[in-house]
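Peer 1: Encoded as structure tokens, here's the structure I'll be asking about.
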Amino acid sequence: LRDAEHRRASRIPSQFSQEESVTMKESLKGAIQIPTVSFNPGEFNTTALAEFGEYMHRVFPTVFRTSFIRHEVVGEYSHLFTVQGSDPSLQPYMLLAHIDVVPAPDQDWEVPPFSGLERDGFIYGRGTLDNKNSVMAILQALELLLIRNYIPRRSFFIALGHDEEVSGAHGAQKISALLQARGVQLAFIVDEGSFIMDGFIPSLKKPFAMVSVSEKGSLDLMMEVNSTPGHSSAPPKETSIGILAAAVSRLEQTPMPNMFGSGLLKITLQQLATEFSFPVNVIFNNLWLFWPIVSRLMERDNISNALVRTTTAVTMFNAGIKVNVIPPVARATVNFRIHPAQTVQEVIKLAKDIVVDDRVQYHVLEAVEPLPVSPFDDRALGYQLIRQTIESVFPEINIVVPGICIAQTDSRHYTNLTTGIYRFNPVYLTPQDFSGIHGINERISVQAYEMQVKFLFEFIQNADTEQRPVSHLHEL
Ligand SMILES: CCCCCCCC/C=C\CCCCCCCC(=O)N[C@@H](Cc1ccccc1)C(=O)O
Ligand SMILES: [Zn+2]
Ligand SMILES: [Zn+2]
């Protein structure tokens, strides 16, 4: 008990000076200005990635000169930090983020995407939400803690991948293998993949925090139709293009089954019920009765639809060689995002059953099963630490709920090291902000970024506990 009291007394308050606040936002702007773009698997801006490594040394000097922090470059441009805690009996955890960004053509942006310009309290640029905000906030929080002479009790790792946007094969996958070879097992991981949701449910005015405890899988299915080439003046009834177009159209017109009944979403909505007024609260509290209506309503919007089913997106279509030649081959690639209650094999079978055309051949280009659901009960240390930290840093947030990440994250490469994978960025996100991720005018407010640093500053200290924190939010 004396130890607990001592720790409480020696806790470092998350207050930053004016000068520190200015420095942290300027450091983020500098990070945005380095165009660490991933174009295709194995095709990166290596000059920018190397520059980013040097930049981290420059803006976080204390992190790099601290004796109990080991820094390693993995896969040429990814970074692994091992922060040695003072108590080896506590199982380590890991914070994840990625350095690379998707391309951003200048066109349509209000400010150039790699300018890091500040306008009306927002920092604009590619990576401000996905995911240089996390890279910089993690290291910034650690730098500020170290300056205040902080020594962690619990060891932790920081893994910064350089190719998340094109698979993570050279970064996260290599770091994962390295840690496995060292016999590391983690208590939990925190990665990107969810936010404090603001305005995503029309009848819910108050924001809520969603911590994603699972993530959808994916399947890139290439469909191919071959036909005999010839002169276009005497065409066959159907060409390879026509056959394939009809096949992909059938896929688009026939959504995969609604999995609302067998998913985590029911728990998400049940836990959210208290936030709604009558009659929605009654409906969400009695989903055993109302789930057919709710699941239908969720299909209406693209984002909530993505939560209830495996989605089908025809993303590539290539065919034809000349205006007057019957095309010998037509190819289309369909990107399915697999609901956690389904498997890759089930989705392939469903797709074939929808197309029902023997002339179509199928090639699996890439397939990833959905990730298992990480524990989110009262004993789940990672989940409860996130919840506790939200409670102290964002006291205005009434509720923290478990959810599903509709995209994929680098965390999928670390399932060998832990069963506790939590995806959460402590940043408010509106549907408009969401459209900036991989879109145009991606931005973060200066205040939101400082709150993210504050969250991590608190979280790292909270993780020094040996017990799971007691949850005060949302008692069932
Ligand atoms: C009732 C609750 C409503 C809540 C609505 C939830 C809305 C979703 C909001 C935010 C989710 C943001 C996720 C951001 C993470 C993006 C990660 C990403 O883009 N990953 C890539 C990885 C990848 C995969 C395959 C090839 C290359 C890259 C991706 O998934 O495409
Ligand atoms: Zn990302
Ligand atoms: Zn991304």
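The values are calculated or read from the model by the stated rules, or taken from the named source; none is laboratory data. A quick note: this is a predicted structure, and the numbers were derived from the prediction, not measured. So basically every Cβ, Gly included, is an ideal-geometry build from the backbone, and we count neighbours across all protein chains shown.
Peer 1: Determine, yes or no, whether residue 110 is within 25 Å of residue 25 (Cα to Cα), surrounded by fewer than 18 Cβ atoms within 10 Å (Cβ to Cβ) and among the acidic types (Asp, Glu).
Peer 2: On the way: within 25 Å of residue 25 (Cα to Cα): yes; surrounded by fewer than 18 Cβ atoms within 10 Å (Cβ to Cβ): yes; among the acidic types (Asp, Glu): yes.
For residue 110, the condition - within 25 Å of residue 25 (Cα to Cα), surrounded by fewer than 18 Cβ atoms within 10 Å (Cβ to Cβ) and among the acidic types (Asp, Glu) - is met.
Peer 1: Select from region 171-184 the residues that are over 14 Å from the mean Cα position of the chain (by Cα) and either touching a residue at least 12 places away in the same chain (Cβ under 8 Å) or part of a helix (DSSP H, G or I) (or both) and list them in ascending order.
Peer 2: Those that are over 14 Å from the mean Cα position of the chain (by Cα) and either touching a residue at least 12 places away in the same chain (Cβ under 8 Å) or part of a helix (DSSP H, G or I) (or both): 171, 173, 174, 175, 176, 177, 178, 179, 180, 181, 184.
Peer 1: If you go through region 405-444 one residue at a time, how many are within 21 Å of residue 205 (Cα to Cα) and within 11 Å of ligand 1 (Cβ to nearest atom)?
Peer 2: Matching residues across region 405-444 total 9.
Peer 1: Here is a follow-up. Please identify the pairs in which a residue from region 185-196 that is in contact (Cβ under 8 Å) with a residue 60 or more places away in the chain and under 10 Å from residue 414 (Cβ atoms) has its Cβ atom under 9 Å from the Cβ atom of a residue that is assigned to a loop (DSSP other than H, G, I, E, B) and among the aromatic types (Phe, Trp, Tyr), counting only partners at least 6 apart or on another chain.
Peer 2: Here the result reads 191/424, each pair linking region 185-196 to a residue that is assigned to a loop (DSSP other than H, G, I, E, B) and among the aromatic types (Phe, Trp, Tyr).
Peer 1: Of all residues in region 118-170 being assigned to a loop (DSSP other than H, G, I, E, B), over 20 Å from the mean Cα position of the chain (by Cα) and touching a residue at least 24 places away in the same chain (Cβ under 8 Å), which is nearest to ligand 1 (Cβ to nearest atom)? Walk me through it before giving the result.
Peer 2: Of the residues in region 118-170, the ones assigned to a loop (DSSP other than H, G, I, E, B) are 120-121, 125-131, 148-155, 162-163, 167-170.
Okay, now just the ones that are also over 20 Å from the mean Cα position of the chain (by Cα), so 120-121, 148-155.
Okay, now just the ones that are also touching a residue at least 24 places away in the same chain (Cβ under 8 Å), so 121, 148, 150-155.
Numbers: 121: 22, 148: 32, 150: 30, 151: 33, 152: 28, 153: 31, 154: 27, 155: 27 Å.
Among residues in region 118-170 that are assigned to a loop (DSSP other than H, G, I, E, B), over 20 Å from the mean Cα position of the chain (by Cα) and touching a residue at least 24 places away in the same chain (Cβ under 8 Å), the one nearest to ligand 1 (Cβ to nearest atom) is 121.
Peer 1: Please give the helices (runs of 4 or more DSSP H) falling wholly within region 3-71 in which 1 or more residues are more than 22 Å from residue 101 (Cβ to Cβ) and either assigned by TED's automatic domain parsing to the domain that holds residue 152 or free of Cβ contacts under 8 Å to residues at least 24 places away in the same chain (or both).
Peer 2: Values: elements: 18-32, 46-59, 61-65.
Hits in region 3-71: 18-32, 61-65.
Peer 1: Please determine whether any residue of region 348-358 is within 16 Å of ligand 1 (Cβ to nearest atom) and under 30 Å from the mean Cα position of the chain (by Cα). Reasoning before the result, please.
Peer 2: The initial filter retains those residues of region 348-358 that are within 16 Å of ligand 1 (Cβ to nearest atom), namely none.
No, region 348-358 has no match at all.
Peer 1: When you go through 199, 193 one by one, which is the residue that is touching a strand residue (DSSP E or B) at 6+ places or on another chain (Cβ under 8 Å) and either under 30 Å from residue 304 (Cα atoms) or not in a strand (DSSP E or B) (or both)? Break it down into steps so the answer makes sense when it comes.
Peer 2: Values: 199 fails: touching a strand residue (DSSP E or B) at 6+ places or on another chain (Cβ under 8 Å).
From the options 199, 193, the qualifying one is 193.
Peer 1: If you go through region 309-318 one residue at a time, do you hit one that is within 13 Å of residue 260 (Cβ to Cβ), in contact with a Ser or Thr (Cβ under 9 Å, 6 or more places away or on another chain) and assigned by TED's automatic domain parsing to the domain that holds residue 342? Reasoning before the result, please.
Peer 2: Restricting attention to region 309-318, the residues satisfying the condition of being within 13 Å of residue 260 (Cβ to Cβ) are 309-310.
Now restrict to residues that are in contact with a Ser or Thr (Cβ under 9 Å, 6 or more places away or on another chain): none.
For region 309-318, residues within 13 Å of residue 260 (Cβ to Cβ), in contact with a Ser or Thr (Cβ under 9 Å, 6 or more places away or on another chain) and assigned by TED's automatic domain parsing to the domain that holds residue 342: absent.
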